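Colleague: First the structure, which I've put down as structure tokens, then a few questions once you've had a look.
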Amino acid sequence: MSNKDLEVIIATDCGSTTTKAILIEKKGDTYRQTFRGEAPTTVEAPFEDVTKGVLNSITEVEELSGRKILDGENIITPNNGNTGADIYVSTSSAGGGLQMMVAGAVKAMTGESAQRCALGAGAIVMDVLASNDGRADHEKIERIRQLRPDMMLLSGGTDGGTITHVVELAQFLKAADPKPRLGASYKLPVIYAGNNKAHQQIKDILGDRTALIITENIRPSLERENLMPARHKIHDIFLEHVMQQAPGYPKLMKMVGAPIMPTPAAVGSMTEKFAKANKFNVLAVDIGGATTDVFSVFSGVFNRTVSANLGMSYSISNVMAETGLANILRWLPFDVEEQDLRNRLKNKMIRPTTIPQTVEDLQIEHAVAREALRLAFDQHKSLAVGLKGVQQERSISDAFEQTASGASLINIMRLDYVIGSGGILAHSPRRTQSMLMMIDAYQPEGVTRMAVDSIFMMPHLGVLAQISEKAALDVFYNDCLVRMGTCLAPKGLAKEGQVIMDWEVTAPGAKRLWGDLRFGDILHIPLEAAKAKLTARPAKGFDMGAGSGNKVEADIEGGVVGLVLDGRGRPFELPKSHSKRIADLNKWYKAMGMYPV
């Protein structure tokens with residue numbers, strides 16, 4: 001079917017607890033999301049059939065829209081007047097999503113490449129095995145046996161290089177004889193994407209014990225990473241093997257008009273399309289109850305990480321353990337006993353569906369969210385790096401610069417757009433709260449636009465983008481993103497009260513805005529215009545992206561929050577003095593209109 005024929009699209013995302021359906025219709029030349037429905041996911045007992053939840057959510061869309069989409073358990077295609085849809089697409093993370101184990105010869109090289117490959121394909125990486133990971137042989141074998149992944153990715157060695165390590169890893173795998181998570185009578189799929197000289201040995205060792213698939217090396221040379229062939233194999237196996245074993249999925253696969261994608265892979269795909277269409281460097285985050293996913297596209301390179309132990313309910317105690325109570329307390333503009341704070345967070349963990357009842361409770365949740373976002377971003381930065389082990393030619397002058405291979409790809413000054421999703425960001429009572437939480441966690445520099453995906457529609461749109469990029473981007477701009485505005489943050493440090501930037505903003509049909517920004521202040525300027533022009537003149541020693549003290553002219557956008565001018569300096573540190581910290585937090589929260597007075 002050509003894109004021209006697509007006028008009505010129905011899409012679902014089968015999550016662990018909820019299945020969400022959206023209806024997209026072409027209005028004139030633009031695709032818009034018109035109706036949506038939700039139903040509990042039915043992958044577990046007593047139903048054990050994911051399609052029941054899908055049909056229930058589509059039934060709700062039918063009731064709201066008045067369009068007849070279902071004929072019994074079938075979707076009517078193509079659309080005809082007020083009946084049917086042209087295509088049905090779906091993503092899935094039900095039943096725990098795609099769980100993988102990866103192995104590489106050297107942890108910092110092929111091990112990291114294998115991890116990036118699996119994460120980019122939408123998997124949860126349960127463990128990374130490597131010849132030099134510090135574990136004894138029997139411990140590695142025991143670990144493989146304990147974890148029951150959906151599939152395994154084995155890599156190691158550059159093409160034509162040594163085969164000893166990767167053959168050794170295959171021997172461990174054979175000795176462990178692992179079983180897949182789903183389907184007891186079924187062999188574990190193993191993707192081999194390593195040294196091409198080892199193909200025969202790998203076949204001899206694993207050919208009988210596992211469902212072995214051989215593909216191109218993910219690291220054919222030290223200087224090159226080639227992740228896509230292995231990622232495609234992961235998707236193929238996800239559909240052919242893993243999905244086939246999950247309750248009701250064979251039926252669901254017959255209903256869809258495009259391959260089912262794992263939910264995180266679809267979100268990553270949508271992030272990439274958005275970055276490419278606008279030539280932006282993008283950071284997207286999805287903070288959930290148990291895990292936090294971070295996606296980034298910098299200079300066209302996509303990366304994804306999952307922080308499986310950082311979240312706002314089930315994993316809230318892990319956030320507390322990892323960051324420490326002091327780091328959570330530093331964001332609170334009032335005093336609270338450590339024991340009291342600990343009790344409140346533990347209560348949230350054992351009653352994950354509760355919501356804050358007082359402004360104090362809300363501020364505590366926001367403090368935890370800042371730390372969870374910051375920690376997940378730190379983990380992301382450690383994996384979103386250039387290739388390690390690359391030999392570089394250096395002149396004598398270079399030898400004095402300690403720039404090693406494997407430098408982070410994340411350049412916060414070059415970050416153009418931040419997209420937040422997940423309950424705490426999408427459903428905070430005030431949008432200013434979401435925006436300041438992201439500013440505090442990521443500390444953007446220069447000019448950074450910000451938005452939230454208020455109803456988590458990115459998975460639906462990511463899978464739809466396989467069929468029609470225009471439809472996906474139209475809905476993404478018009479119905480999915482809630483534009484919050486732009487953060488302007490000069491990089492540098494000064495004395496409190498010193499003027500650090502003059503600024504001026506002009507927008508079509510709106511009054512000219514201008515003023516100056518003083519160190520230590522936050523200015524919140526309402527601005528709704530979708531497009532505006534900024535001229536900023538930072539003081540000497542401050543950088544807005546064009547070098548110290550240089551004028552910057554940039555396109556910016558307003559939104560439901562508007563402009564936030566952050567004069568707290570970069571790197572940003574809260575005051576050490578207790579009374580000064582409380583006073584500053586109250587001043588900043590008041591300036592942003594964060595909480596009721």
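Colleague: Of the conditions (1) out of contact with any helix residue (DSSP H, G or I) (no Cβ under 8 Å at 6 or more places or on another chain); (2) closer than 23 Å to Lys495 by Cα; (3) open to solvent by less than 30 Å² (accessible area, probe 1.4 Å), Gly545 fails just one. Which one is it?
Modeller: The single condition Gly545 does not satisfy is (1).
Colleague: Of all the residues that make up segment 201-239, how many are under 21 Å from Gly160 (Cα atoms), basic (Lys, Arg) and at pLDDT below 90?
Modeller: So the answer is 1.
Colleague: Follow-up question, since we're still on this one. Take the residues in segment 208-241 that are in a helix (DSSP H, G or I) and over 23 Å from the mean Cα position of the chain (by Cα), then tell me which one is surrounded by the fewest Cβ atoms within 10 Å (Cβ to Cβ).
Modeller: Among those that are in a helix (DSSP H, G or I) and over 23 Å from the mean Cα position of the chain (by Cα), it is Glu240.
Colleague: Might you check whether a residue that is in a helix (DSSP H, G or I), open to solvent by 10 Å² or more (accessible area, probe 1.4 Å) and without any contact (Cβ under 8 Å) to a residue 24 or more places away in the chain occurs anywhere in segment 473-485? Give the derivation first.
Modeller: Our first condition is that a residue be in a helix (DSSP H, G or I); within segment 473-485, this holds for 473-480.
Among the residues that remain, those that are also open to solvent by 10 Å² or more (accessible area, probe 1.4 Å) are: 473-474, 477-479.
Going one step further and asking which of them are without any contact (Cβ under 8 Å) to a residue 24 or more places away in the chain, we end up with 477.
There is at least one residue in segment 473-485 that is in a helix (DSSP H, G or I), open to solvent by 10 Å² or more (accessible area, probe 1.4 Å) and without any contact (Cβ under 8 Å) to a residue 24 or more places away in the chain.
Colleague: In segment 59-93, how many residues are of a type in the set (Val, Ile, Thr), surrounded by fewer than 21 Cβ atoms within 10 Å (Cβ to Cβ) and assigned to a loop (DSSP other than H, G, I, E, B)?
Modeller: 2
Colleague: Another one. When segment 567-597 is examined, which residues are found to be touching a Ser or Thr at 6+ places or on another chain (Cβ under 6 Å) and either within 14 Å of Phe334 (Cβ to Cβ) or crowded, with 18+ Cβ neighbours inside 10 Å (or both)?
Modeller: If the condition is that a residue be touching a Ser or Thr at 6+ places or on another chain (Cβ under 6 Å) and either within 14 Å of Phe334 (Cβ to Cβ) or crowded, with 18+ Cβ neighbours inside 10 Å (or both), then Met592, Met594 are the ones that fit.
Colleague: If you don't mind, there's one more thing I want to ask. What is the residue count in segment 523-563 for residues that are assigned to a loop (DSSP other than H, G, I, E, B) and among the aliphatic types (A, V, I, L, M)?
Modeller: Qualifying residue count for the region: 8.
Colleague: Something else: Give Met109, Met100 a once-over and let me know the one that is of a type in the set (A, V, I, L, M, F, W, C) and open to solvent by 20 Å² or more (accessible area, probe 1.4 Å).
Modeller: Matching residue, one of Met109, Met100: Met109.
Colleague: Shifting gears a bit: Could you tell me whether any residue of segment 442-465 is among the hydrophobic types (A, V, I, L, M, F, W, C), at positive phi and either within 20 Å of the chain's Cα centre (by Cα) or open to solvent by less than 10 Å² (accessible area, probe 1.4 Å) (or both)?
Modeller: The answer is yes, given that some residue of segment 442-465 is among the hydrophobic types (A, V, I, L, M, F, W, C), at positive phi and either within 20 Å of the chain's Cα centre (by Cα) or open to solvent by less than 10 Å² (accessible area, probe 1.4 Å) (or both).
Colleague: Considering only segment 125-158, state which residues are open to solvent by less than 60 Å² (accessible area, probe 1.4 Å) and over 20 Å from Thr210 (Cβ atoms).
Modeller: Asp133, Ala136, Thr158, listed by residue number.
Colleague: Further, regarding this structure: Is it the case that some residue within segment 10-21 is modelled with pLDDT of 95 or more, surrounded by fewer than 24 Cβ atoms within 10 Å (Cβ to Cβ) and more than 17 Å from Ser93 (Cβ to Cβ)?
Modeller: no
Colleague: Out of all the residues in segment 24-49, which are assigned to a strand (DSSP E or B), touching a Ser or Thr at 6+ places or on another chain (Cβ under 6 Å) and open to solvent by less than 90 Å² (accessible area, probe 1.4 Å)?
Modeller: Glu25, Phe35, Gly37, Ala39
Colleague: I've got another one for you. I'm checking my understanding of the structure. Among residues of segment 252-273 that are charged (D, E, K, R) and free of Cβ contacts under 8 Å to residues at least 40 places away in the same chain, which one is farthest from Leu473 (Cα to Cα)?
Modeller: The residue in question is Lys254.
Colleague: Further question on the same structure: For Ile191, which of the numbered conditions (1) within 19 Å of Ile237 (Cβ to Cβ); (2) in contact with a helix residue (DSSP H, G or I) (Cβ under 9 Å, 6 or more places away or on another chain); (3) in a loop (DSSP other than H, G, I, E, B) fails to hold?
Modeller: So the condition that Ile191 fails would be (3).
The values are calculated or read from the model by the stated rules, or taken from the named source; none is laboratory data. Note that the coordinates shown come from a computational prediction; the quantities given were computed from them, not determined experimentally. No Cβ is skipped: glycine too gets one built from the backbone with ideal geometry, and neighbour counts run over all protein chains shown. Each accessible area value is taken on the protein alone, full model and side chains, heavy atoms only, with ligands, DNA and RNA left out. Shrake-Rupley method; radii C 1.70, N 1.55, O 1.52, S 1.80 Å.
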